[in-house]
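Participant: Following this message is one structure expressed as structure tokens.
The values are calculated or read from the model by the stated rules, or taken from the named source; none is laboratory data. What you are looking at is a predicted structure, and each value in this text was computed from that prediction instead of being measured. Cβ sites come from the backbone with ideal geometry, for glycine too, and all protein chains shown count toward neighbours. Note: areas computed on protein heavy atoms with side chains; ligands, DNA, RNA excluded. Shrake-Rupley method; radii C 1.70, N 1.55, O 1.52, S 1.80 Å.
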Amino acid sequence: MDAFMETHYMRVMPFLLEGLVYTLIITGVGLFFGFILGAIFGLARLSKSKIIYGIATIYVEVLRGTPILAQILFIYFGLPDVLGFNIDKITASIIAIAVNAGAYIAEIVRGAVYSIDKGQSEAGRSIGLTRGQTMRYIIWPQAFKRMIPPLGNQFVISLKDTSLFSVIAVGELTYMGQQYYGLTFAAFEALTMVCLLYLAITVPASIYLRRVERRLDV
Amino acid sequence: MISVRDLHKSFGDNEVLKGINLDVNPQEVVCVIGPSGSGKSTLLRCLNLLEEVTSGDVLIEGQNLTDPKVNINEIRTKVGMVFQHFNLFPHMTVLENITLGPKKIKGTSKQEAEKEAQPLLEKVGLSDKANVYPESLSGGQKQRVAIARSLAMNPKIMLFDEPTSALDPELVGDVLEVMKDLAKEGMTMVVVTHEMGFAREVGDRVIFMDEGIIMEENTPEKIFGAPDNPRTREFLSKVL
């Protein structure tokens, strides 16, 4: 047992757990803002106004049509040139997840809201609710239920995307693994543990999601 | 109470209403009959502006709905509507469905709104269903909840858009009973329906529509007894 504790599999763990914390923070905070962006742009994609629809469509197409790796480089190295100040690595990572996931979530929101029967909003409007009240009390609560499975899926995708931020040396899970084998040459052991830690988050998340999906099905 | 003047409505190139003139007096029950695609539902939906009007005027208690300054949300509180497919809010209980309008629009407190909902539930015979969700109700029960939901806003006019068309035959009666009671109480009603028995018994006036115009308009006795228009005769001979 002691011998096992002394292997690279175990000795890498303190580093990786520290990295996992950053991975989870970036994913969590990023998706929080990503959901806000997604809700705004998703509803904008349903707008009758051509301008609002156009802006939202451009946002979605640009962010979905470019790789997230290019996006993080753009935010971390590109933007400061124009802004005149630097963005720290964690903030840049959170922004990247937020704007990238925001585009995908916008499509999730649009689809879910669009899927609610038109009769629902007609019933709301016919009793005298405003457009905003109808959205808030009638459409959104029903649409949100339908968003849960695809949002869970987006969580898994965004969690894995954070590994790309190792290119700007954010101390997330993959980067910490790289650092460890850079010093010890124990790449197999370090990367095995890196993958196991991702799975420790994503597998339970998938199982939980499937359960939620089944419950929403009825 | 309702006054429609030269109402036209088009969906793209398709003109569905071709110049409708109609007046509905207070406490009157007007039944609109006619074949599918005749524009009768569209006419009804123009009366609370669920459909935008292409041209012409719709006046509710003297207020012209086509006037851009008019507050349509306020007018809609006075004009209840019941839909063919009920359109109950599935994420809310029966009681919540009924009290949503009073709470959010009139600012009535939750307790007050729920107290006011009790006589409405009694009226539609569903006092025991206050706390269930719509999915556990039969079609007829759903439609009666939908009627109670509209009544909760104390409307002066009720619009019914084929309220029994989606119901199993044995459930139609209960809904029609509730509507008859409303008519007796003096509610102003416009009812688009395929229930000729209801139109004959409860309607003060029957309107026969076809191809976007009012073909004939008369008392039920006259329409069902001796219609003037050959199209009316042809239609009635098919449905009766």
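Participant: Counting DSSP beta bridges with both partners in the protein assembly as shown, what percentage is antiparallel, nearest 5?
Facilitator: Within the protein assembly as shown, antiparallel bridges account for around 55 percent of the total.
Participant: Right, another one. Antiparallel versus total DSSP beta bridges in chain B: what percent is that, nearest 5?
Facilitator: Around 55 percent of the beta bridges assigned by DSSP in chain B are antiparallel ones.
Participant: What aspartates and glutamates sit close enough to residue B:222 to cross-link, taking a C-alpha to C-alpha distance under 19 Å and skipping anything fewer than 8 places away on the same chain?
Facilitator: Partners within reach: B:23, B:28, B:195, B:201, B:204, B:210, B:234.
Participant: In region A:113-129, which residues give up 30 Å² or more of accessible area once the other protein chains are added, compared with their chain alone (1.4 Å probe)?
Facilitator: Buried by 30 Å² or more upon assembly, which counts only protein chains, are A:120, A:122, A:123, A:125, A:126, A:127, A:128, A:129.
Participant: State the percentage of accessible surface on the protein assembly as shown attributable to carbon and sulfur atoms; use a 1.4 Å probe and exclude ligands, DNA and RNA.
Facilitator: C and S atoms contribute 57 percent here.
Participant: Where the only charges are on Cβ atoms (+1 Lys, Arg; -1 Asp, Glu), what is the dipole of chain B about its Cα centre, to the nearest 20 debye?
Facilitator: I would put it at about 520 debye.
Participant: Report the full-extension gain for the segment residue B:222 to residue B:73: residue separation times 0.36 nm, less the Cα-Cα distance, to one decimal in nm.
Facilitator: Extra length available between residue B:222 and residue B:73 comes to 49.9 nm.
Participant: Give me the accessible area of residue B:85, 1.4 Å probe, in Å² rounded to the nearest 10.
Facilitator: Accessible area, nearest 10 Å²: 120 Å².
Participant: Distance check, please: which entries in A:145/B:180; B:69/B:123; B:40/B:78; B:18/B:238 exceed 31 angstrom between their Cα atoms?
Facilitator: A:145/B:180; B:69/B:123
Participant: Near residue B:49, within a Cβ-to-Cβ distance under 10 Å, what is the net charge of the other residues, with Lys and Arg +1 and Asp and Glu -1?
Facilitator: Every neighbour counted, the sum reads +1.
Participant: I've got another one for you. Could you tell me the accessible area of residue B:103 in Å² (1.4 Å probe, neighbours in place), rounded to the nearest ten?
Facilitator: Rounded to the nearest 10, that gives 50 Å².
Participant: A follow-up question, please. Would you mind calculating the relative contact order of region A:113-218 from Cα pairs under 8 angstrom and at least 6 residues apart, reporting the percent as a whole number?
Facilitator: Relative contact order of region A:113-218: 24 percent.
Participant: For the pairing of chain B with chain A, what total accessible surface becomes buried, with a 1.4 angstrom probe, in square angstrom to the nearest 100?
Facilitator: The buried area between B and A, both sides summed, comes to about 1700 Å².
Participant: Round to a whole angstrom and tell me the spacing of the C-alpha centers of region A:97-173 and region A:1-50.
Facilitator: Cα centres, region A:97-173 to region A:1-50: 18 Å.
Participant: Let me ask another. Excluding ligands, DNA and RNA, what is the solvent-accessible area per residue of region B:114-179 at a probe of 1.4 Å, expressed in Å²?
Facilitator: 41
Participant: Quickly estimate the mean residue ellipticity at 222 nm for chain B, helices only: each DSSP H run with n ≥ 4 gives -39500 (n - 2.57), and the total goes over all residues, rounded to 500.
Facilitator: For chain B, the value works out to -10500 deg cm²/dmol.
Participant: Chymotrypsin sites (Phe, Trp or Tyr not before Pro), restricted to region A:138-208: which are DSSP loop and have at most 15 other Cβ atoms within 10 Å?
Facilitator: Answer by residue number: A:185.
Participant: Averaging sequence separations of C-alpha pairs under 8 Å and six or more residues apart, then dividing by the length of region B:62-146, give the relative contact order as a whole percent.
Facilitator: 37
Participant: Which net charge results when you count Lys and Arg as +1 and Asp and Glu as -1 among the other residues whose beta-carbon is under 13 Å from that of residue B:99?
Facilitator: Around residue B:99, the charge tally is +2.
Participant: First select every other residue whose beta carbon is under 15 angstrom from the beta carbon of residue A:162; then total the charges, Lys and Arg +1, Asp and Glu -1.
Facilitator: Result for the local shell: -1.
Participant: So what is the 222 nm mean residue ellipticity for chain A from helices alone, if each DSSP H run of at least 4 adds -39500 (n - 2.57) and you divide by all residues, rounding to the nearest 500 deg cm²/dmol?
Facilitator: -25500 deg cm²/dmol
Participant: Further, regarding this structure: Mean Kyte-Doolittle hydropathy of 1.6 or higher plus an axial Cα length of 27 Å or more: which whole DSSP H helices in chain A meet both?
Facilitator: A:13-44
Participant: I've got another one for you. Can you work out the accessible area per residue across region A:153-201, with the rest of the protein chains kept in place, probe 1.4 Å, in square angstrom?
Facilitator: In whole numbers, region A:153-201 has 45 Å² accessible per residue.
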